[in-house]
Each structure stands twice: as structure tokens, then as C-alpha cells.
Amino acid sequence: MDRVPILKAGDVLLVSIQTDLEDRTVMALREDLAERIVRTGARGVVIDITAVEIVDSFIGQMLAGIAAMSQLLDARTVVVGMRPAVAITLVELGLSLGGVQTALDLETGLRLLGAGPLDGGPSEAQDRR
Amino acid sequence: MTDAHEIRHEIRIATGDDIVRIRRAVRTVACAARMSLVDRTKLVTAASELARNVIGHGGGGTVRIERLISPSGVSGVRMVFEDAGPGIPDVRLALTDGWSTGQGLGLGLPGARRLVDEFDLQTVVGEGTRVTVTKWTR
């Protein structure tokens with residue numbers, strides 16, 4: 001079974017999902033994250049789903065479960081990079097993921113968690129606005 | 001003009017691996033039918049929900065995925081999910097959002113129905129269930 005790697009940057013855990021998610025993989029990720037949050041004292045979790053082509057009700061429920069679990073362990077979860085087609089489909093499916101905080105991209109997600117751009121300077125994205 | 005059934009997959013549904021395999025097959029057929037990215041995503045998501053139902057409620061089964069071409073030349077994809085499980089005693093209830101006998105959210109059938117153009121459910125208690133869905137290329 002594939003396992004999703006968990007990276008640590010400061011007090012944020014970073015997960016980038018790159019495969020078509022099998023149920024067991026998502027369940028393992030939830031357990032791995034719980035263990036890592038406790039072990040590292042991380043205050044935030046960013047889950048990048050840029051590469052994820054579909055989120056069905058099971059995977060959506062798992063993302064919501066990870067967010068709820070991390071909150072109990074004093075860490076905030078932000079899901080970043082959802083594709084527009086995935087968002088449209090989730091709403092039509094009837095899953096609004098109300099309890100899950102989202103951000104359009106990794107940089108915005110990190111800023112939401114107070115981690116900011118890693119170089120510390122003003123971000124290009126802000127300059128362009 | 002090519003044969004209407006040029007692409008056809010029959011896949012056994014028993015484990016989580018099969019759900020991933022079905023999602024891939026549906027994506028391939030939807031691409032062949034030149035579906036838009038959004039419609040393809042909807043169809044693959046519907047397939048994932050229905051395959052999960054077959055495992056969770058039907059005790060496993062099969063799916064047939066085929067490309068269609070309507071008499072007027074419109075492309076589409078049809079999926080037929082079949083199981084020999086316990087059947088659904090109350091179809092109206094099973095198609096209601098949030099109603100579930102399993103551990104899920106109860107979005108499987110009603111959610112999948114919203115994601116496709118045509119939805120047909122045949123079920124006989126004690127014999128099994130067949131769900132046929134079709135999505136047309138716009």
C-alpha cells in the first residue's frame with residue numbers, strides 16, 4: 001500500500017497527495033498525522049490536493065475527519081489546491097466540507113497558519129496585486 | 001463512424017483497489033467520449049460512490065462501463081453496477097440525502113444521481129440491485 005509522506009517545516013506538517021487515493025491510504029494518513037502532530041507538537045497541518053483529480057464522499061469525509069482530529073490535538077488543518085472541477089462536483093454531490101478550512105494555494109495556506117512565506121520577505125503574490 | 005460500443009470494460013468490484021481501477025477506466029472512457037473536465041470529474045466521482053455502495057451494501061459485484069453514441073450522434077458513457085446483495089427495501093428512502101444503513105454519509109445514491117444525466121435503479125429484496133447511469137457529452 002502507498003503511504004503519503006508527511007514533511008515538517010517549522011511547526012507545520014505538510015502533506016502533498018500525489019496519487020489516486022485508495023481508501024486504506026487515506027485512513028493510514030489520518031493515523032500517521034495524529035501520531036506526528038503529537039510527537040512534533042505541530043500547530044498546523046497543510047494538505048495539498050492539487051494533484052487529486054476526484055474527491056468522493058469517503059475521501060471528503062476523511063479530510064473532514066483529519067481536520068476535526070487535528071483540532072482536538074491543538075493543530076489547525078488547511079486543505080489547499082482543490083481543483084475547480086473537484087469543488088463543483090463536491091457541492092453537487094452534497095458535500096460542502098463545512099468544517100474544513102481551505103486555501104487556494106500552498107502559500108496562502110501557510111499564511112493562514114501564521115507560517116508565512118518561508119523566506120520571510122514580502123511575497124511575490126502580494127507584490128503583484 | 002465507429003461502433004457505438006468500441007470501448008467497453010467489465011470490472012469486478014470487491015476491494016478498495018477495484019474502486020481505484022474503476023475510476024481509471026471511467027476516466028479513460030469519458031476522455032474517449034470527449035467529455036469536459038468538469039463532466040469527467042462528476043462521472044468518475046459518481047462511479048466511485050456507486051462502486052463503494054456495491055462493496056458496502058451489495059457484498060461486491062461488477063460494473064460494465066461503455067461508450068455510447070446516441071442515434072443523433074451524441075457521445076456518452078453508460079455504467080451498469082450490479083450486485084447480488086440483499087437489495088433495497090425502500091428505494092425512496094435510499095435516494096434521500098443523509099439516509100444510510102452503513103457508516104457513510106448517505107450521499108452515495110442521491111449524490112451519484114445528481115452527478116449524471118440518467119439514473120435507473122432496479123432492486124429486488126433478497127436478489128440484488130442494478131444501478132444504470134448515463135452521462136452525455138455536452
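The values are calculated or read from the model by the stated rules, or taken from the named source; none is laboratory data. Please read these numbers as outputs of a predicted model, since none were measured by experiment. Here the Cβ positions follow ideal geometry from the backbone for every residue, glycine too, while neighbour counts run over all protein chains shown.
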Query raised in the report: Tally time: how many residues in the range A:45-62 are in contact with a strand residue (DSSP E or B) (Cβ under 6 Å, 6 or more places away or on another chain) and surrounded by 23 or more Cβ atoms within 10 Å (Cβ to Cβ)?
Result: 3
Report task. Give the number of residues within the range B:17-32 that are more than 20 Å from B:THR129 (Cβ to Cβ) and either touching a residue at least 12 places away in the same chain (Cβ under 8 Å) or more than 10 Å from chain A (Cβ to nearest Cβ) (or both). Result -> 8
Report task. Would you be able to say whether some residue in the range B:11-23 is at pLDDT below 95, touching a His at 6+ places or on another chain (Cβ under 7 Å) and either surrounded by 14 or more Cβ atoms within 10 Å (Cβ to Cβ) or under 23 Å from A:THR25 (Cα atoms) (or both)? Result -> no
**Report entry** Yes/no for B:LEU115 being out of contact with any strand residue (DSSP E or B) (no Cβ under 6 Å at 6 or more places or on another chain), without any contact (Cβ under 8 Å) to a residue 24 or more places away in the chain, within 22 Å of A:SER96 (Cα to Cα) and aliphatic (A, V, I, L, M)
**Finding:** no
**Report entry** Flag for B:ARG12 being at positive phi and either in contact (Cβ under 8 Å) with a residue 12 or more places away in the chain or assigned to a helix (DSSP H, G or I) (or both)
**Finding:** no
Report task. Can you run down the residue pairs with Cβ atoms below 8 Å, 6 or more apart or on separate chains, where the first is in the range B:78-102 and without any contact (Cβ under 8 Å) to a residue 24 or more places away in the chain and the partner is loosely packed, with under 14 Cβ neighbours inside 10 Å? Result -> B:TRP99/B:LEU93
Query raised in the report: In the range A:27-41, which residues are among the aliphatic types (A, V, I, L, M) and farther than 16 Å from A:VAL79 by Cβ?
Result: A:MET27, A:ALA28, A:ALA34, A:VAL38
Query raised in the report: For A:ASP2, all conditions in the list (1) exposed (fewer than 15 other Cβ atoms within 10 Å of the Cβ); (2) part of a strand (DSSP E or B); (3) in contact with a Ser or Thr (Cβ under 6 Å, 6 or more places away or on another chain) hold save one; what is the number of the exception?
Result: (2)
Requested in this report: Mind listing just one residue for me: the one in the range B:1-10 that is out of contact with any Lys or Arg (no Cβ under 6 Å at 6 or more places or on another chain) and of a type in the set (Asp, Glu) and, of those, modelled with the lowest pLDDT?
Outcome: B:ASP3
Report task. Please determine, by comparing only the residues of the range B:33-78 that are within 14 Å of chain A (Cβ to nearest Cβ) and hydroxyl-bearing (Ser, Thr, Tyr), which one is surrounded by the most Cβ atoms within 10 Å (Cβ to Cβ). Result -> B:THR45
